[in-house]
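Presented below is the structure to which this report refers.
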Amino acid sequence: MKIIVLAKQVPDTRNVGKDAMKADGTVNRSVLPAIFNPEDLNALEQALRVKESMPDTTVHILTMGPPRAADIIREAMYRGADGGYLLTDRAFAGADTLATSYALATAIRHIGVPDLIISGRQAIDGDTAQVGPQVAEKLALPQVTYAEDILKVDAKGIEIKRRLERGVETVTASLPLVVTVNGSSAPCRPRNAKLLQRYKYARTASEANEVSTEIKSLLDQRPALHIVELSAAEIGADLAQCGLSGSPTKVKHIENVVFQAKEAKRMFPEDGEIDALMQELIANHTIG
């Protein structure tokens, strides 16, 4: 079985400052720390579990982003993935979900549609939960969203537990299939020390031009260390549907919100003060 995990390197939204957005409304990724999108790690874990349960299964990461996004492919390889594809080109810059899903779907057609495509439900820099379903639509594949656990998979199909707002349901589907995984799914396993040593020199073609002669020689000897780098031209993408050109979503206004400390009241654990507080809360209809 062949599995592709759609993953994204995202800005760490815990460290957003005043320079986080550019004038054109796109994220200024150069000033923010970059991390592996959390729910994509949940998706990777589900893929690795399928790999463990089915012989001859391969798991590859597909990510779109700047050259530094190769970091999350290496991170996935340290955890058990077999390799990855970096979709990188200036033409992809500023893409919204429509342009992103177009580029990813086009790349998957170029690579070869796998048996299973898994992604996180959404990325923390956009919170749209649109890319996975849009990729499924563009590839004309069935989809299962809000997955929490892949219960069973074989040549006949797949059984998935979904976590919904008001409960849990179990569904079955045929392959090939697109699955998006919730953050409530099992967390991804940590790095494996042996895999870290095996893949620490994995590089894209662009990165290979900047390493030492010794590492270049190692890359020539070990094809498994090559992270495939793909441009818009290589996958045959229509530039009118990529990046800002292919993005109908436009940011019209950005507002910086500063949280102000509200008035605080300090009280001591005495019956009189607690009674007074209760009367005040009832009077202003906070409770009661």
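The values are calculated or read from the model by the stated rules, or taken from the named source; none is laboratory data. Nothing here was measured: the structure is a model prediction, and the numbers come from that model. Using ideal geometry, Cβ is built from the backbone for each residue, glycine included, and neighbour counts are taken over all protein chains shown. Quick note on the areas: whole protein, heavy atoms, side chains included, nothing else; ligands and nucleic acids left out. Shrake-Rupley method; radii C 1.70, N 1.55, O 1.52, S 1.80 Å.
Residue count for the range 217-230 satisfying the condition of being crowded, with 16+ Cβ neighbours inside 10 Å and acidic (Asp, Glu): 1. One residue alone among 54, 77 is over 30 Å from residue 239 (Cα atoms), over 13 Å from the mean Cα position of the chain (by Cα), hydrophobic (A, V, I, L, M, F, W, C) and open to solvent by 20 Å² or more (accessible area, probe 1.4 Å), and that residue is 54. Residue 121 fulfils the conditions (1) out of contact with any Pro (no Cβ under 6 Å at 6 or more places or on another chain); (2) more than 18 Å from residue 47 (Cβ to Cβ); (3) charged (D, E, K, R) except for a single criterion, (2).
Condition check: out of contact with any His (no Cβ under 8 Å at 6 or more places or on another chain), more than 19 Å from residue 191 (Cβ to Cβ) and open to solvent by less than 40 Å² (accessible area, probe 1.4 Å). Does residue 63 satisfy that?
In short, no.
Being more than 15 Å from residue 178 (Cβ to Cβ), in contact with a Phe, Trp or Tyr (Cβ under 7 Å, 6 or more places away or on another chain) and at pLDDT below 95 is a condition met by at least one residue of the range 8-31. On the given criteria, is residue 112 more than 14 Å from residue 8 (Cβ to Cβ), touching a residue at least 12 places away in the same chain (Cβ under 8 Å), out of contact with any strand residue (DSSP E or B) (no Cβ under 8 Å at 6 or more places or on another chain) and surrounded by fewer than 21 Cβ atoms within 10 Å (Cβ to Cβ)? Answer is no for this residue.
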